[in-house]
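Some notes on the structure that comes next.
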Amino acid sequence: MYRRLLFIAICLAFIVSLEYYFNNQKATEIDNHTNSNNVENSPEIKYTVDSGRANSSDQISQLSKMLEQNQRKLGELLTHIKLLEEDNKSIHSDIEQLQSQTDSYSLSTEQVSDNSKEDTSAKADTLALFYDVFEREIEDEDWSVVATAKLNHALQTLTTSVEGAQIDQVACQSTVCFASYELPSKDALQQSVSLVGNNLGWESKAYTEYNILPTGEVAVESFYMRENTDFPGSVTDVIE
């Protein structure tokens, strides 16, 4: 588009120059014709020649002014075209930067999404293994009753210390206990896990997972191993 405007401006200047040239030639021919006929002594002819000279001079003056105006406009047009070209370069540069940032953001988003999927899958697998072990175990009534009471006491400490905390389920088998509870927010998660572990009443390896609910509350699921008991082999392979 800029080249087309420049071409039009050059054509316009060329046409004006041609008009100026031909009118100047016409005036020269009139002067030469007058001198060759030697008719200065005829008043009527002299008046006609003088009038022609005057008209030609006026036309040349007007054409000169038009040429100057068109040259000035041409200069302004060229300056404007140069500014537009610089703006165009700047716009292209901005577009390239935005495209680069967008590509980088898209790549970063994909990586986060992939990592999130992997983490979610790993959590689901680990929980499934713990649930499987828990459900397959045969209850050791002597240990189960005592362990359930201690775990309930630890969770009661949690509900007393953390406002809005609620106990959902507590159960123990022969080597593992399960507890699920809800917290008012994620801010209370670390404190809650520590409170339950410190008040459990026995040294235990524990595994905890949580999910943030649409309400902003946090659903927690924890498995606690019997004292001096390691995680089941199937679970240890996944965790490690």
Residue that is under 40 Å from the mean Cα position of the chain (by Cα) and at pLDDT 90 or above, where the choices are Glu209, Glu139, Glu227:
Glu209
From the set of residues in segment 185-201 that are touching a strand residue (DSSP E or B) at 6+ places or on another chain (Cβ under 8 Å) and surrounded by 14 or more Cβ atoms within 10 Å (Cβ to Cβ), which is nearest to Leu151 (Cα to Cα)?
Leu200
Go through segment 148-183 and give me each residue that's within 18 Å of Glu135 (Cα to Cα), crowded, with 22+ Cβ neighbours inside 10 Å and touching a Leu at 6+ places or on another chain (Cβ under 9 Å).
Cys172, Cys177, Ala179
Ser204 vs. criteria modelled with pLDDT under 90 and crowded, with 18+ Cβ neighbours inside 10 Å:
yes
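Among the residues of segment 150-164, is any over 50 Å from the mean Cα position of the chain (by Cα) and of a type outside the set (Phe, Trp, Tyr)? So that I can check it myself, show each step before the final result.
Of the residues in segment 150-164, the ones over 50 Å from the mean Cα position of the chain (by Cα) are 150, 153.
Subsequent filtering for residues that are of a type outside the set (Phe, Trp, Tyr) retains 150, 153.
Yes, segment 150-164 has at least one match.
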For segment 174-208, name all the residues that are under 22 Å from Trp143 (Cβ atoms) and not in a strand (DSSP E or B).
Ser174, Thr175, Val196, Gly197, Asn198, Asn199, Leu200, Gly201, Trp202, Glu203, Ser204, Lys205
With (1) at pLDDT below 75; (2) closer than 30 Å to Tyr210 by Cα; (3) loosely packed, with under 13 Cβ neighbours inside 10 Å as the list, and Lys123 as the residue in question, which single condition is left unmet?
(3)
Failed criterion for Asp114 (all others in (1) over 30 Å from Tyr207 (Cβ atoms); (2) modelled with pLDDT under 70; (3) not polar (S, T, N, Q) hold):
(1)
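The values are calculated or read from the model by the stated rules, or taken from the named source; none is laboratory data. Small disclaimer: the values here were computed from a predicted structure and weren't measured. Cβ sites come from the backbone with ideal geometry, for glycine too, and all protein chains shown count toward neighbours.
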